[in-house]
Amino acid sequence: MMITLDQLKKKLASGKISRRGFMEGALALGTTVAAAEMMMGEALAAPQKGGTYKQALTGGATSDSLDPAKTLDSYMINVNFGQLRNCLTEIGPDNQLRPELAESWEASADAASWTFKIRQGVEFHNGKTLDANDVVASFQHHLGEDTESAAKGIVKAITEVKADGNDTVVFNLEGGSADFPFLVSDYHLTICPAKDDGTLDWDGGVGTGGYKLVSFEPGVNTVVERNPNYWKEGAAHFDAIENLFIADATARTSGVMSGSLHSMSNLDLKTAGLLEKNPNVNLLTTFGNKHATLPMHADTAPFDDNHVRLAMKWAINRQQLLDTILRGFGELGNDHPVGPANVYRATPEELPQRDYDADKAKYHLKQAGMDSLEVELFVADTAFEGAVEAGALFQESAKAAGITINLNRAPDDGYWSNIWLVKPFSASYWGGRPTEDWVFSQIYSAGADWNESKWNNEEFNKLLVEARAELDSAKRREMYVEMQRITHNDCGSIIPLFMAYTHAASAKLGLPEQIASNWELDGHKNGERWWFAG
């Protein structure tokens with residue numbers, strides 16, 4: 001069937017074809033160059049507002065909360081951070097840091113004090129005007145010994161946050177932090193209005209974001225409507241968004257294929273080819289720092305012996321997982337969390353790839369005084385795409401090393417509160433972080449709330465503080481490469497794979513030319529960056 005000019009325009013507007021592809025198609029239909037260029041301009045014109053966008057998200061739970069301190073997984077990241085609220089800074093589609101609620105920032109000479117100028121004229125959903133006190137209350141919410149915030153590891157270096165007038169906030173840190181403006185873009189550190197007593201008003205979902213909360217049913221769905229007073233121009237195009245938690249990949253896929261859903265994240269990669277052939281669906285793939293982990297609690301036997309941890313690391317067949325689970329949509333992990341989008345990632349020469357070697361696994365078991373080992377691994381579909389199958393493959397590859405892995409398939413609902421951080425060996429994943437300090441501070445530093453392997457390495461913790469304050473790039477690189485070696489050789493987290501973000505989106509959706517790769521779903525900003533193309 002011959003494609004029409006109108007169909008070509010819709011494909012271009014939705015990102016299905018490139019500008020060159022549009023021009024070639026239009027000229028093949030007999031259009032002049034001038035007319036084709038005019039139509040291309042029309043197709044790429046400013047997005048139109050309207051419509052209700054229905055998306056299937058993963059990572060939801062009945063324990064979900066509108067409290068930014070308790071945001072755990074992708075569902076609430078997308079809702080809290082991507083729709084309802086903003087941060088001081090944000091990572092753009094080009095992976096560069098840019099201002100959000102802060103207009104500008106500057107550091108002291110030692111990078112131990114940072115001053116942020118707050119954007120003026122921004123209004124919360126409840127009509128309150130944003131000021132410095134809201135920013136102070138929003139950060140105080142995560143500080144202190146008694147805080148239950150998941151961002152505790154990120155903000156613990158803050159010794160003081162204070163307002164200097166209505167439009168200036170000063171952060172004083174315990175030491176230099178060259179990456180601090182990146183850290184305040186974290187999805188937990190969204191800005192909410194302050195109450196009169198200085199505490200944070202978070203429970204109603206009020207923020208400065210492009211959408212206002214209509215209804216919230218944890219673990220089921222969330223409905224938002226466009227904020228008519230959104231301060232960002234050319235953003236938040238939908239009239240409303242319906243966010244559905246759908247754990248089952250088959251149900252998500254069927255919804256997108258039938259048109260009852262406009263997008264989904266985390267494809268079942270076995271169906272990627274089928275989706276790609278559907279003319280009504282766009283297959284979107286982005287590569288960032290997302291990775292699968294299998295954390296072993298380093299403070300709990302038998303994983304408190306590093307030889308046991310190393311035996312487990314040598315007993316997993318990473319290439320088999322890449323080929324079978326990801327079908328090539330990723331790359332091998334090397335038992336450290338610094339990804340391909342990070343600046344100071346160790347090269348293969350600096351840190352050779354760990355491959356499957358049952359004999360080396362046996363050797364480390366012997367060093368631990370063992371001839372065999374039996375452990376229980378908790379997995380669930382929500383842990384990462386293919387986690388259950390990955391557990392089964394690990395179970396098989398480990399047998400040759402004398403390691404018996406008993407798989408315990410846990411329910412998706414409650415996995416992140418009942419299994420992760422609780423059981424001594426489980427499956428997990430991370431979206432990655434833009435800087436090395438961020439990922440190491442939040443997940444690997446001693447005492448961090450999200451230190452999922454309960455790991456404490458004195459040399460690593462020392463280097464973490466030193467590298468954070470080091471302003472010489474070459475010296476910072478040396479420190480971060482050494483920290484990757486330490487993690488690779490000692491940490492309790494097996495990191496077998498770096499994974500592409502995979503999505504399917506209706507061809508009715510308009511998409512920007514560049515899709516962010518720092519998180520899934522256009523950096524979780526799809527709600528404000530996507531639109532209906534017609």
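The values are calculated or read from the model by the stated rules, or taken from the named source; none is laboratory data. Since the structure is predicted, the reported quantities are computational estimates derived from the model, not experimental observations. When we count neighbours, we look across all protein chains shown, and the Cβ atoms used for this are built from the backbone with ideal geometry, even at glycine.
Can you spot a residue in the stretch 134-142 that is outside any loop (DSSP other than H, G, I, E, B), at pLDDT 95 or above, of a type in the set (Asp, Glu) and surrounded by 19 or more Cβ atoms within 10 Å (Cβ to Cβ)?
The initial filter retains those residues of the stretch 134-142 that are outside any loop (DSSP other than H, G, I, E, B), namely 134-140.
If we keep only those that are at pLDDT 95 or above too, we end up with 134-140.
Restricting the remaining residues to those that are of a type in the set (Asp, Glu) gives 134.
After this cut, where a residue has to be surrounded by 19 or more Cβ atoms within 10 Å (Cβ to Cβ) as well, the list is 134.
Yes: one or more hits.
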Only one of Phe287, Phe303 that is closer than 30 Å to Gln55 by Cα, surrounded by fewer than 23 Cβ atoms within 10 Å (Cβ to Cβ) and among the aromatic types (Phe, Trp, Tyr): Phe287
Tyr230 crowded, with 24+ Cβ neighbours inside 10 Å, under 11 Å from Leu84 (Cα atoms), modelled with pLDDT of 95 or more and among the hydroxyl-bearing types (Ser, Thr, Tyr): no
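Have a look at Ser453, Ser445, Ser417, Ser441 and point out the one that is of a type in the set (Gly, Ala, Ser), assigned to a helix (DSSP H, G or I) and crowded, with 20+ Cβ neighbours inside 10 Å.
Numbers: Ser453 fails: assigned to a helix (DSSP H, G or I); Ser445 fails: assigned to a helix (DSSP H, G or I); Ser417 fails: crowded, with 20+ Cβ neighbours inside 10 Å.
Answer to the check: Ser441.
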Single unsatisfied condition, Trp105 versus (1) over 30 Å from Ser473 (Cα atoms); (2) at pLDDT 95 or above; (3) not polar (S, T, N, Q): (1)
So Asn289, is it in contact with a Pro (Cβ under 9 Å, 6 or more places away or on another chain) and at pLDDT below 95: yes
Residue under evaluation Ala380, criteria (1) touching a residue at least 60 places away in the same chain (Cβ under 8 Å); (2) surrounded by 21 or more Cβ atoms within 10 Å (Cβ to Cβ), criterion not met: (1)
Residue list for the stretch 499-532, restricted to those being of a type in the set (Asp, Glu) and within 28 Å of Asp335 (Cα to Cα): Glu520, Asp522
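Might you check whether a residue that is assigned by TED's automatic domain parsing to the domain that holds Leu511 and in contact with a Leu (Cβ under 6 Å, 6 or more places away or on another chain) occurs anywhere in the stretch 187-198? Break it down stepwise before answering.
First pass over the stretch 187-198, keeping only residues assigned by TED's automatic domain parsing to the domain that holds Leu511: none.
No.
Check whether at least one residue in the stretch 460-468 is of a type in the set (Gly, Ala, Ser), in contact (Cβ under 8 Å) with a residue 12 or more places away in the chain and in a helix (DSSP H, G or I), and report yes or no.
First, the residues of the stretch 460-468 that are of a type in the set (Gly, Ala, Ser): 467.
Filter again for in contact (Cβ under 8 Å) with a residue 12 or more places away in the chain, leaving 467.
Checking which are in a helix (DSSP H, G or I) leaves us with 467.
Looking through the stretch 460-468, at least one residue is of a type in the set (Gly, Ala, Ser), in contact (Cβ under 8 Å) with a residue 12 or more places away in the chain and in a helix (DSSP H, G or I).
For the stretch 106-149, which positions are out of contact with any Phe, Trp or Tyr (no Cβ under 6 Å at 6 or more places or on another chain), hydrophobic (A, V, I, L, M, F, W, C) and closer than 27 Å to Arg468 by Cβ? Walk me through it before giving the result.
Taking the stretch 106-149 and keeping what is out of contact with any Phe, Trp or Tyr (no Cβ under 6 Å at 6 or more places or on another chain), we get 106, 108-113, 115, 117-121, 123-149.
Those left that are additionally hydrophobic (A, V, I, L, M, F, W, C): 109, 111-112, 118, 124, 130, 132, 135-137, 139, 143.
Result: Ala109, Ala111, Ala112, Ile118, Ala132, Val135, Val136, Ala137, Phe139, Leu143.
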Subset of the stretch 143-185 that is assigned to a helix (DSSP H, G or I) and aromatic (Phe, Trp, Tyr) - its residue that is farthest from the chain's Cα centre (by Cα): Phe180
